[in-house]
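To keep things clear, I will list the structure first and then write my remarks on it.
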Amino acid sequence: MQTIRLHILIAVSFLLPFLSGQGNVSAAPGKTFTVVIDAGHGGHDPGAVGRRGKEKNINLKVAQKVGKLITDNCKDTKVVYTRNKDVFIPLHRRAEIANDAKADLFISIHTNSISSRNSRVSGTETYTLGLHRTEENLEVAKKENSVILIEDDYKQRYAGFNPSSSESYIIFEFMQDKNMSQSVDFATMVQQRFRQGKRVDKGVHQAGFLVLRATSMPSVLIELGYITNPAEEAYMLSENGSGNLARCIYRAFLDYKNGHRPDNMDIKSTEPETERAAEKPSAAKEPEANEAEKSGNRPVFKIQILTSGKVLPKGSRTFKGLSPVDYYKENRLVKYTYGADTDYNRILKLKRSKVDGKFKDAFIIAFKDGKKININQAIREFKRNK
């Protein structure tokens, strides 16, 4: 454990210098808006490989089309590419390019895959930086981060970070991304535009991507589709498919740059739009402190189930039958919780029995005196008070 903590401290010290910048939804008056478009992989790193194509080529083609749409139609915007041809760019260099450009937005474009060929798994998904809450999200992060292994000095460059080891990802628990709200905004806009472009929506997720961690502006990583699905591979390789994907990302970029708010910001919500539209909003009030929250100085544990950009009506189908559901507001987001208890073991049992089957990305958070606190600190206090 001491060794793990030492690696965490080293890794944190490596990553902190990249966190000084501030991201803005729109550039200040008279200032050029700068967007960095990152085509994942390249050169001797092909990325995921399908029956006919390679991820690196799909990524680059879509990235170039997105950049051209922005350049042709947004004269107040500067487009910077991390690569504009088939070359290998290390992960740390991609982030440096964005930071050096003082970018307002970073878009990393990738293509997904799973281990079995000829799979029917399909759909687009967009990631923001965060601590992965499911094994599936962790595996995507491991796959994308593994590119550092082909860099000559990766052990020194990334302070001993091992993309294959789950323990290395503990560092993401010790950091809060100040650009998270804006990143989630843009990620949600991307997925909305993909839905309008008739793509399967696999939602907005969080995971520990090194290329996003080192950038100092709102950042997302987009997975265009599954190259291991022959139908999706053919679509992404086609001019029509790559063009549609690029237009969706471009339209989301316009939404974001112009300051439009996404209509719904449920993270990893799979309910159809028609069901959401049928829900009639009611006058919801922020919940009052319950008995568990009035329990002196002891931390109160809750299960966070989803995040939204607005207050959802009581009894919404989005809650998947869980009741009562509370919420709190943080960084312009509405975050919904289920359960409240000063006993961490009871809330963990509740999560496993009632929540995990409905919300795979759910996780436990803690409050003290009505304020959110670090979960590890709360668990330590709970153990001391037992």
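List of remarks:
- A P(r) calculated from all alpha carbon pairs of region 291-385, with 5 Å bins opening at zero, reads 2, 14, 25, 25, 19, 11, 3, 1 percent.
- Note on Ser119 and Val87: their simple-model spin labels are 3.3 nm apart, each label 7 Å out from Cα toward Cβ.
- Label sites at Arg346 and Ile379, each approximated as a point 7 angstrom past Cα along Cα to Cβ, lie 2.0 nm apart.
- Given R0 = 30 Å, the distance between the Cβ atoms of Asp369 and Lys102 translates into a calculated FRET efficiency of 0.15.
- Linear extension gain, His44 paired with Asn73, 0.36 nm per residue minus alpha-carbon span: 7.1 nm
- Centre separation in Å (Cα based) which lies between region 347-386 and region 78-121: 35
- Scoring 181-191, 70-80, 358-368 by mean Cβ neighbours within 10 Å over their residues and listing the highest first yields 181-191, 358-368, 70-80.
Read-outs throughout are calculated quantities, based only on the coordinates presented, and are distinct from any laboratory measurement. Here the structure is a predicted model, which is why all the values come from computation and not from measurement. Positions of Cβ are backbone-derived with ideal geometry, glycine not excepted, and every protein chain shown enters the neighbour counts.
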